[in-house]
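Notes for the one structure printed next.
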């Protein structure tokens, strides 16, 4: 099962990535590349509504994204479901991420 | 010479002889009664194509057969003894000469091969042979008629000549192609002669030249003078001719090149197909010309039959030459530009396909030969493409060898790396045989060659045991390298005697220093005071362990988790405390356990794990881990293992006893 990423722009500086599928070792590089390509934005939103699974490799990319956005704006996660919220909770990510 | 008589010793040759005789007789008979041109002597004879063709194919066997067939035919027709005898000799040589000529004369550089019509040179040779054969035979026959007083040479010569020549060419070609198609093996001379004998043997071609010369000169002479040859002179010539003919069998054969080894997958070559197809087309055309001419003649009724047939044969004979000249020109063009290049290319590809591809000897030569195929048309393009393909394939083979070697080297290195990684973790059990206060067991199964999970346990001093369980984000070599750093740092810090929270705070700082790859480690660590049973632990984003108090059930040991190690600088970790007693069990694991996935994409889950361990509360650490692993395997089934599966189990046996003995 793969990962689908859809971009949705709101103005020039704000973008929402809608993730669908699994974010694991095989698909994490896909998101990493996507985030690397986003330059000069001040607000990165991610919609996790359709994200089924998040592995530690996925967490790594989220951490990289968070660090990147810390320098130039903010990163917000939307619609995080219960399972993934538990992952954030267990790993302590809940403290460093902005979850709405 | 010997070969002529060896016919009677071979069953096959005898069979062919009888077949020739029968065939000649059967074909000759109906025409004899239907179309008599010269009463008692000759007719329209499609049978005339039989001697040269069968002779060419079957050699002396056919010569004997045909002369016998003719003899029977002559006797039934009531011919005189002279006609019968001379007819016998003439027909014998009529069949024998083509065979001899085919295997003695060379045209161009082409070696002498068994009879076939597969190239322009073959056809030219065939026509030439039929021409010489018809000329010689006609001369001898005409002389016989002169001597017997049947007919003036001039009047019958063209008729006889073209009768022989036309039929042999028109009907000979389809018959030869049929014989070839049904793979009838031609008779090949086996006689071997020395080079010197060969040189001298060439003089024995003279009889044919002499007879031909007599024929041509006397035909011209009698035409111009419109008179019969002097019978005496004719008789002399006939004698000379007969002597010549009788000498001819002594002419030694040239060396015949063995049948080329049959090319794979080629039954009839393109060259042969084109040649035969075009010749057959020419034959149809010639027959049409013949029919049209015959039709015109029957309207014009003033000519005698002899004159009419003479005219017909001459017309057809001349047309043959014109048609064949065109045909041969065309075939030569096709052969040079299409069939020969295709044949060469086909040969090259076949040689290449058969070669070993892992070494290149000979390839260069093939590539070069491919370049020699004429350029500018589709065949040239094909040759170029093939050449490019050969070159590319060679390059690929070289690359592939390098890549394979590289891959093997990497595989070997990874293998070593796996061993190093495995040996970095304590893996000899029982780990502390001298310590009876606790029992510990751990396993790790990496998903790839090297993994990012690790466990660790060690005695900080006599009283303190540390246990660590950790999971580096990601897998493979990067994760393994990071794991080595993390493990080493944690152990170093622990051995300085710090508390778990202090250890993680320092290690996190150190790991953050140079972490460009953005890897991080989830980790859980606890330090047990063996004497008091006090257990201090800290969690950096790791899965909660399972704890079973003596006599109770397993439960998740949840605490407020700190952030993962190496994730963010300046994190301060909080540690928690509890007391462990005899019979307590602590089970540590990584997410490879709870997130093992089956083919339906279901996770093994914390619930299932909890349920399973609670069914095995009596297990000691080793059998517990073995049972859990088995349950995971049966859950996952055939689905691939996504993540490393790492587990550690600690059982407290009798801390109080130790404490007691220490106090004493």
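Convex hull volume of the Cα atoms in the protein assembly as shown, per residue, in Å³?
Residue-normalised Cα hull volume stands at 297 Å³.
How shielded is B:633-644 by partner chains, expressed as the average number of their Cβ atoms within 10 Å of its Cβ atoms?
Mean partner-chain Cβ count within 10 Å for B:633-644: 1.
What percent do you get for the relative contact order of chain B when only Cα pairs under 8 Å and 6+ apart count?
With pairs under 8 Å counted, the relative contact order is 9 percent.
Express the C-alpha Rg of segment B:2-254 as a ratio against the empirical globular expectation 2.2 N^0.38 Å, rounded to two decimals.
Cα Rg divided by the expected 2.2 N^0.38 Å: 0.97.
Once both labels are modelled 7 Å past Cα along the beta-carbon direction, what's the residue B:346-residue B:461 spacing in nm?
Between residue B:346 and residue B:461, the simple spin-label model gives 9.3 nm.
Please work out the FRET efficiency for the pair residue B:295 and residue B:213, using the Cβ-Cβ distance as r and a Förster radius of 56 Å; give the result to the nearest 0.05.
0.90
What is the average number of partner chain Cβ atoms found within 10 Å of a Cβ in B:559-568?
So the per-residue partner count for this stretch is 5.
How would you rank A:4, B:626, B:349, A:27, going from fewest to most other Cβ atoms within 10 Å of each one's own Cβ?
By the 10 Å Cβ count, ascending, the order reads A:4, B:626, B:349, A:27.
Using the alpha carbon gyration tensor of segment B:408-521, what are the three equivalent-ellipsoid semi-axes (square root of 5 times each eigenvalue), largest first, in whole Å?
25, 20, 10
Once you have a ≥ b ≥ c as the square roots of the Cα gyration tensor eigenvalues for segment B:528-641, tell me rounded if a/c is under 1.5, and otherwise prolate or oblate according to whether a/b is larger than b/c.
Cα axes put segment B:528-641 in the oblate bin.
Running Debye on chain B with equal point scatterers at the Cα sites and no solvent, what base-10 log of I(q)/I(0) appears at q = 0.06 Å⁻¹?
One equal scatterer on each Cα of chain B leads to -0.57.
Nearest 500 deg cm²/dmol is fine: what mean residue ellipticity at 222 nm does chain B get from its DSSP H runs of n ≥ 4 alone, each adding -39,500 (n - 2.57), divided by its residue count?
-19500 deg cm²/dmol
Any idea what angle helix B:378-424 forms with the longest principal axis of chain B, computed on alpha-carbon atoms, 0 to 90 degrees, nearest 10?
20 degrees
Over segment B:427-663, what is the mean sequence separation of C-alpha contacts under 8 Å (at least six apart), divided by residue count, expressed as relative contact order in percent?
26 percent
Is segment B:427-663 rounded, prolate or oblate when judged by the Cα gyration tensor, a ≥ b ≥ c being the square roots of its eigenvalues, rounded requiring a/c under 1.5 and prolate requiring a/b larger than b/c?
Oblate shape, in that a/c is at least 1.5 and b/c is the bigger or equal ratio.
If r is the Cβ-Cβ distance from residue B:10 to residue B:398 and R0 is 56 Å, what FRET efficiency results, to the nearest 0.05?
0.45
Sort B:108-115, B:486-493 for me by packing, meaning the mean count of neighbouring Cβ atoms within 10 Å per residue, highest on top.
The peptides rank, most packed first, as B:486-493, B:108-115.
Can you give the FRET efficiency to the nearest 0.05 for residue B:513 and residue B:579, using r as the Cβ-Cβ distance and R₀ = 56 Å?
Given R0 = 56 Å and the Cβ-Cβ separation, E is 0.95.
Helix B:11-34 sits at what angle to the longest principal axis of chain B, using alpha carbons and giving 0 to 90 degrees rounded to 10?
In chain B, helix B:11-34 runs at an angle near 50 degrees to the longest axis.
Using the 10 angstrom Cβ neighbour count as an exposure proxy, how do B:3, B:307, B:335 rank, fewest first?
Ascending number of Cβ neighbours within 10 Å: B:307, B:3, B:335.
What angle, in degrees between 0 and 90 and rounded to the nearest 10, separates the Cα long axis of helix B:305-334 from the longest principal axis of the Cα atoms of chain B?
The two axes meet at around 30 degrees.
Could you tell me, in Å, what Rg and Dmax come out for the Cα atoms of chain A?
Considering chain A through its Cα atoms, Rg and Dmax are 12.3, 35 Å.
If we count other beta carbons within 10 Å of each Cβ, what is the order of B:309, B:102, B:203, fewest first?
B:203, B:309, B:102
By how many nm would the segment from residue B:378 to residue B:181 grow when fully extended, if each residue of separation counts as 0.36 nm and the alpha-carbon distance is taken off?
Computed gain between residue B:378 and residue B:181 is 68.0 nm.
No lab work stands behind these numbers, since they all come straight from the coordinates. Since the structure is predicted, the reported quantities are computational estimates derived from the model, not experimental observations. Note that each Cβ is placed from the backbone with ideal geometry, even for glycine, and that neighbours are counted across all protein chains shown.
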